[in-house]
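In what follows, a structure is listed as structure tokens, so that the remarks can point back to it.
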Amino acid sequence: MKKSLLFTPGPTPLPPEALLAMAQPIDYHRSETAVTLIKDVLQKLKHVFQTENDVLFLTTSGTGAMEAAVANLLCCGDKVLVIRSGKFGERWGEICTAYGVEIIPIDVAWGNSVAPEAVESHLTAHPEVKAVFATLCETSTGALHDIEALARLTRHRPTLLVVDAVSALGADDLQMDNWGVDMVVSCSQKGLMTPPGLAFAALNRRAWNAVARSNLPKYYLDLRKAHQSGLEGSVPYTPAITLLTALQCALNRICAEGIRNTIARHNRLAVATRSAIKAIGLPLFAMSPANTLTSIRLPEEIDGKAFIKLMREKHGITYAGGQSHLSGKIARIAHLGWMNENDVIIAISAFERGLAEIGYDTPLGAGGTAAQEVFTR
Ligand code: PMP
């Protein structure tokens with residue numbers, strides 16, 4: 001009997017009450033019930049974003065919020081720094097270019113994280129840059145970036161720090177207010193345990209001042225409209241109301257656990273996963289791995305694509321493979337969202353078994369034992 005288990009860095013599994021909420025009859029998005037729902041969700045998101053700033057939502061995937069950041073903060077011809085250490089950092093650059101914004105890329109080898117000193121020297125050399133676009137967890141490699149260090153560089157300069165926390169929100173620490181991050185974007189289908197289709201953004205005063213000056217074209221993604229409506233528990237356009245009901249359930253879980261504990265849980269799952277992978281004898285791909293997911297460099301002698309396919313088709317276990325030039329070379333195991341220690345034990349034990357089945361000589365159980373040792377400490 002096949003049982004499907006999802007260990008991808010989005011979408012992530014949904015808690016049962018979120019699934020049930022979406023099975024209820026659909027409601028009118030301008031009803032009093034919807035107003036209460038929207039206000040409640042936006043209030044609880046502040047806890048997850050670790051901010052007192054308003055959080056707003058868009059009915060788009062995470063990329064919609066990234067595009068909204070560019071379109072709302074900048075002016076035509078502005079210069080920005082873009083940290084490119086994988087597919088999603090590259091996406092910041094592509095969006096900026098599409099909007100006529102000049103990018104100064106800071107390219108980092110995939111698997112590495114940006115050195116804050118590199119950002120500092122670029123800021124010194126180009127004091128005119130309006131913003132730095134960064135990624136909390138570069139999901140394509142599993143690398144975590146030191147956003148706190150980057151914020152120390154930008155918060156006393158006129159340059160804004162804009163962070164893609166699409167995958168890592170709720171898993172890796174991001175203290176928007178304490179660190180002084182100007183804008184954070186995220187989405188529903190990762191740490192927030194909700195299906196794809198909602199994106200979120202939080203902006204501080206400096207970022208809203210930039211919005212007031214921005215002259216780039218925008219309509220659906222105009223954040224002023226989403227912000228104003230959200231404050232009233234309303235929306236400018238028909239929202240994914242069904243997803244909001246699921247999100248409310250997921251946020252109730254995070255708020256009950258407390259965001260600090262949620263992040264600590266993700267850290268424990270990540271530490272156990274890394275320890276297991278090392279015990280199996282495989283290298284981690286990221287130099288500074290995130291809590292969100294673990295990227296593993298697969299042994300050269302195995303066909304990485306065939307491994308991912310085998311796990312899904314034979315065992316019902318979905319890991320993510322590598323993207324772009326890493327296709328077939330790495331596997332990515334997410335321990336993100338509605339996950340606990342037992343999930344990691346399954347993810348690791350199945351991983352070992354799959355490696356053995358595909359012909360890689362590994363002692364069965366080494367990874368599972370290492371993970372359980374972390375959990376019994
Ligand atoms: N940024 C990061 C770090 C991501 O992980 C993803 C999704 N994997 C995105 C952006 C894009 O989000 P979406 O696919 O929801 O548009």
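Say whether the condition of being more than 16 Å from the ligand (Cβ to nearest atom), more than 27 Å from residue 109 (Cα to Cα), acidic (Asp, Glu) and outside any helix (DSSP H, G or I) is met by at least one residue in the range 220-235.
Checking the range 220-235: at least one residue is more than 16 Å from the ligand (Cβ to nearest atom), more than 27 Å from residue 109 (Cα to Cα), acidic (Asp, Glu) and outside any helix (DSSP H, G or I).
Out of (1) more than 25 Å from residue 86 (Cα to Cα); (2) exposed (fewer than 15 other Cβ atoms within 10 Å of the Cβ), the odd one out for residue 362 is which?
Of the numbered conditions (1) more than 25 Å from residue 86 (Cα to Cα); (2) exposed (fewer than 15 other Cβ atoms within 10 Å of the Cβ), the odd one out for residue 362 is (2).
Is it fair to say residue 287 is part of a loop (DSSP other than H, G, I, E, B) and touching a residue at least 40 places away in the same chain (Cβ under 8 Å)? Spell out how you get there, then give the answer.
Numbers: part of a loop (DSSP other than H, G, I, E, B): yes; touching a residue at least 40 places away in the same chain (Cβ under 8 Å): yes.
Judged against the criteria, residue 287 is a match.
Take residues that are over 17 Å from residue 198 (Cα atoms) and tell me which of the strands (runs of 3 or more DSSP E) falling wholly in the range 1-102 contain 2 or more.
5-7, 79-84
Which condition from (1) at positive phi; (2) in a strand (DSSP E or B) is the one that residue 359 breaks?
(2)
Out of the residues in the range 160-170 meeting the condition of being more than 11 Å from the ligand (Cβ to nearest atom) and touching a residue at least 40 places away in the same chain (Cβ under 8 Å), tell me which one is nearest to residue 291 (Cα to Cα).
170
Taking into account only those residues within the range 106-152 that are of a type in the set (S, T, N, Q) and away from the ligand (no atom under 16 Å from the Cβ), which is most open to solvent (accessible area, probe 1.4 Å)?
It comes out as 124.
With polar (S, T, N, Q) and within 16 Å of the ligand (Cβ to nearest atom) as the only criterion, which of 51, 60, 36 stands out?
One residue alone meets the criteria, 60.
The values are calculated or read from the model by the stated rules, or taken from the named source; none is laboratory data. Computed from a predicted model, the values in this text were never measured in an experiment. In this analysis, Cβ positions are derived from the backbone assuming ideal geometry, glycine residues included, and neighbour counts consider all displayed protein chains. Side chains included, ligands, DNA and RNA excluded: accessible areas come from the protein's heavy atoms. Shrake-Rupley method; radii C 1.70, N 1.55, O 1.52, S 1.80 Å.
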